[in-house]
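This report refers to the structure that appears directly beneath it.
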Amino acid sequence: MLSRFCFKSFHSTAKMTARHTPSINLQPPVHRGLTELDRSLFSVEVPVLAARVPAALAAEFRNGKGKNSLFFLPRTQAVVADPESPEYRRVLLAEQDRSSPSLQQLLAETKFELVEHTLKFDYDYWGADEILQAILPEDLLDESPTAFTLVGHIAHLNLRDAYLPHRHLIGQVILDKNKKVVRTVVNKLDTIDNEFRNFRMEVLAGDHDFNVVTSESNCTFAFDFSAVYWNSRLQGEHGKLVDSFSEHDVVCDAFAGVGPFAIPAGKKGCAVMASDLNPASASALKENARLNKVEHTVRTGNYDARDFIRKSVLDVWNEPFAPYSKPLSSKAKSKLARQATKAAQDPSPVPSPTSTPDSAPSLPPRRLINHFVMNLPALAIEFLDAFKGLYRPLYDLEGAWEAVEAAGEAALPMVHCYCFTKSPETAEEDILERASKALGMPITPQAKDYRLRFVRDVAPRKEMYCLEFRLSKEMVL
Ligand SMILES: C[S@@+](CC[C@H](N)C(=O)[O-])C[C@H]1O[C@@H](n2cnc3c(N)ncnc32)[C@H](O)[C@@H]1O
């Protein structure tokens with residue numbers, strides 16, 4: 001398609017920039033009603049006036065006399081090769097009226113020849129929004145459907161119903177325009193209300209490959225996006241909670257998913273017990289512990305959260321975690337290597353290269369849990385009943401309860417229970433009432449280390465909170 005400079009067949013507007021250089025808002029040709037993406041329909045040619053300048057003088061002209069007369073279009077050079085001679089360049093001009101006095105004056109002063117140059121644009125020139133604005137029906141142009149969340153190589157859309165008839169075109173354009181990072185475009189098919197919190201999805205364009213690898217909190221996560229729960233919007237919350245743990249802590253994650261709390265906590269040095277009822281999540285969790293080299297401090301499982309919580313206290317007591325040991329500095333590693341070489345000649349006990357150097361005070365094994373993480377906001381509150389009598393088995397075990405009491409004020413764990421409320425004005429009242437009912441005794445703002453943290457707005461009148469409190473002796477015995 002050849003277009004005259006007035007861009008009649010495009011949407012065009014011209015505005016003046018501070019340097020009085022007209023900038024042209026060139027839009028792709030409109031093809032409403034397309035059912036299949038024909039990229040060739042977006043090829044256009046635009047003739048513009050240009051000064052034909054000897055190559056050696058082009059830069060001087062561009063930055064001097066021609067400076068305020070240059071043609072400006074985003075992603076387009078104002079100085080281009082002259083297809084007729086390598087000795088010349090074409091400097092594209094903003095003024096497109098041959099008879100304009102300013103243009104005449106410029107040519108008279110410089111003696112450069114005025115020529116018509118053809119600019120070529122194709123599908124690749126425009127962005128996804130521009131292409132879709134040229135394709136979608138008029139009544140869908142107010143919003144842009146190109147927003148997506150990237151999970152690994154998958155662009156994940158949540159299209160409004162009105163856009164669904166055009167979903168494959170939208171998917172293809174998004175794929176084309178984000179080729180460097182996107183290999184698959186999917187649309188969410190339903191809301192997350194199943195047990196495992198994953199959602200069905202339809203591939204709109206690209207590979208039918210749901211196995212993603214992504215990163216969060218400096219950890220790598222691999223999982224089947226169609227089979228597990230993953231929400232990139234929780235990245236901040238995951239980081240915030242893990243930051244609040246000490247590296248000496250023992251953390252129990254009862255709804256662990258593929259590990260966005262558990263793996264970073266393990267990497268920090270925490271001893272972690274993590275489980276998820278979804279077999280696909282549990283196996284990805286295990287694999288992610290391996291991928292991030294924390295399989296020795298992150299124990300994984302595939303249990304219902306209630307069972308998992310109930311067995312956790314004894315499990316850790318009976319099979320304690322090694323104490324936290326600071327990763328060795330490269331200096332300490334080289335020292336150990338030197339000692340090992342020396343020992344090869346004069347055999348004597350050599351410290352293991354992964355252990356804390358002799359000078360560090362030796363710490364006891366970790367056998368008491370410090371945190372329970374419960375991130376299943378729709379239901380987690382109902383699982384608080386699992387804490388009733390949780391420490392009874394330790395109480396009955398010789399020497400164990402004494403150890404808990406000897407550990408002092410913070411010997412009993414914190415609970416971090418995520419929840420939703422549909423009563424934003426009375427969120428605290430609503431959440432505490434439900435939590436107290438499940439636990440079978442009142443949880444009040446006076447509870448030890450109590451905090452009710454707002455996490456995010458999920459939908460109109462639906463907010464996510466994290467209820468945090470320390471379990472008391474009365475609760476767990
Ligand atoms: C909202 S996701 C949170 C996952 C992860 N902790 C995160 O922050 O991304 C809730 C997880 O709980 C798991 N789940 C659902 N019911 C469960 C139950 N009764 N016991 C254990 N896990 C459960 C789901 O499979 C899902 O992975």
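The values are calculated or read from the model by the stated rules, or taken from the named source; none is laboratory data. Owing to the predicted nature of the structure, the values given are computational and were not obtained by experimental measurement. Ideal geometry is used to build each Cβ from the backbone, glycine not excepted, and the neighbour counts take in all protein chains shown. Accessible surface areas use protein heavy atoms only, side chains included; no ligands, DNA or RNA. Shrake-Rupley method; radii C 1.70, N 1.55, O 1.52, S 1.80 Å.
Going by the structure shown, is E247 charged (D, E, K, R) and open to solvent by 20 Å² or more (accessible area, probe 1.4 Å)?
Numbers: charged (D, E, K, R): yes; open to solvent by 20 Å² or more (accessible area, probe 1.4 Å): yes.
Spelling it out, E247 is indeed charged (D, E, K, R) and open to solvent by 20 Å² or more (accessible area, probe 1.4 Å).
Every residue, every condition in (1) in contact (Cβ under 8 Å) with a residue 12 or more places away in the chain; (2) polar (S, T, N, Q); (3) under 30 Å from V258 (Cα atoms), yes or no:
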site: D129; (1), (2), (3): yes, no, no
site: P137; (1), (2), (3): yes, no, no
site: S144; (1), (2), (3): yes, yes, no
site: A147; (1), (2), (3): no, no, yes
site: H166; (1), (2), (3): yes, no, no
site: G171; (1), (2), (3): yes, no, yes
site: N178; (1), (2), (3): yes, yes, yes
site: V185; (1), (2), (3): yes, no, yes
site: N194; (1), (2), (3): no, yes, yes
- prompt: For segment 339-363, which residues satisfy the criterion of being exposed (fewer than 10 other Cβ atoms within 10 Å of the Cβ) and either under 20 Å from G269 (Cβ atoms) or at pLDDT 80 or above (or both)?
  reply: S352, D358, S359, P361, S362
- request: Would you check which residues across segment 260-296 are surrounded by fewer than 24 Cβ atoms within 10 Å (Cβ to Cβ) and not in a helix (DSSP H, G or I) and list them?
  value: G269, L277, N278, N292, K293, V294, E295, H296
field: Search result, residues across segment 130-149 that are assigned to a helix (DSSP H, G or I) and open to solvent by less than 70 Å² (accessible area, probe 1.4 Å)
entry: E130, I131, L132, Q133, A134, I135, L140
- prompt: Does L107 satisfy the criteria of being buried (at least 20 other Cβ atoms within 10 Å of the Cβ) and in the same structural domain as E60 (by TED's automatic domain parsing)?
  reply: no
- prompt: more than 12 Å from the ligand (Cβ to nearest atom), over 21 Å from the mean Cα position of the chain (by Cα) and not in a loop (DSSP other than H, G, I, E, B) - does that describe any residue in segment 213-221?
  reply: no
- prompt: Given the structure, is Y303 assigned to a loop (DSSP other than H, G, I, E, B) and within 14 Å of the ligand (Cβ to nearest atom)?
  reply: yes
message: Given the criteria more than 30 Å from A58 (Cα to Cα) and away from the ligand (no atom under 16 Å from the Cβ), does A108 qualify?
response: no
statement: S283 passes all but one of the listed conditions (1) within 15 Å of the ligand (Cβ to nearest atom); (2) touching a residue at least 24 places away in the same chain (Cβ under 8 Å); (3) over 21 Å from G389 (Cα atoms); the exception is number (2)
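Residue check: is L384 in contact (Cβ under 8 Å) with a residue 40 or more places away in the chain, more than 33 Å from the chain's Cα centre (by Cα) and open to solvent by less than 20 Å² (accessible area, probe 1.4 Å)?
So L384 does not fit the description; no.
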- prompt: Is it the case that V213 is over 15 Å from F148 (Cβ atoms), in contact (Cβ under 8 Å) with a residue 60 or more places away in the chain and not acidic (D, E)?
  reply: yes
message: If E87 meets every condition in (1) of a type outside the set (K, R); (2) more than 39 Å from the chain's Cα centre (by Cα); (3) modelled with pLDDT under 95; (4) surrounded by fewer than 17 Cβ atoms within 10 Å (Cβ to Cβ) apart from one, which number is that one?
response: (3)
task: Just give me the residues in segment 229-268 being more than 8 Å from the ligand (Cβ to nearest atom) and under 12 Å from the mean Cα position of the chain (by Cα), in sequence order.
output: S232, R233, Q235, G236
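Scanning for something part of a helix (DSSP H, G or I) and either of a type in the set (D, E) or away from the ligand (no atom under 16 Å from the Cβ) (or both), does segment 417-424 turn up at least one residue?
The answer is yes; a qualifying residue exists.
If you scan segment 183-201, which residues turn out to be closer than 29 Å to N375 by Cα and at pLDDT 95 or above?
T184, V185, V186, N187
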query: Taking R197 and the conditions (1) crowded, with 18+ Cβ neighbours inside 10 Å; (2) touching a helix residue (DSSP H, G or I) at 6+ places or on another chain (Cβ under 8 Å); (3) of a type outside the set (F, W, Y), which numbered condition does it fall short on, given that it satisfies the others?
result: (2)
field: Residue that is most open to solvent (accessible area, probe 1.4 Å), among those in segment 46-76 that are under 20 Å from S102 (Cβ atoms) and among the basic types (K, R)
entry: K65
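Working only within segment 55-114, note down all residues that are of a type in the set (S, T, Y) and in contact with a strand residue (DSSP E or B) (Cβ under 8 Å, 6 or more places away or on another chain).
Across segment 55-114, the qualifying residues are S69, T76, Y88, T110.
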statement: Taking segment 306-337 and keeping only residues that are more than 15 Å from the ligand (Cβ to nearest atom), in a helix (DSSP H, G or I) and charged (D, E, K, R), one is left with D315, K331, K333, K335
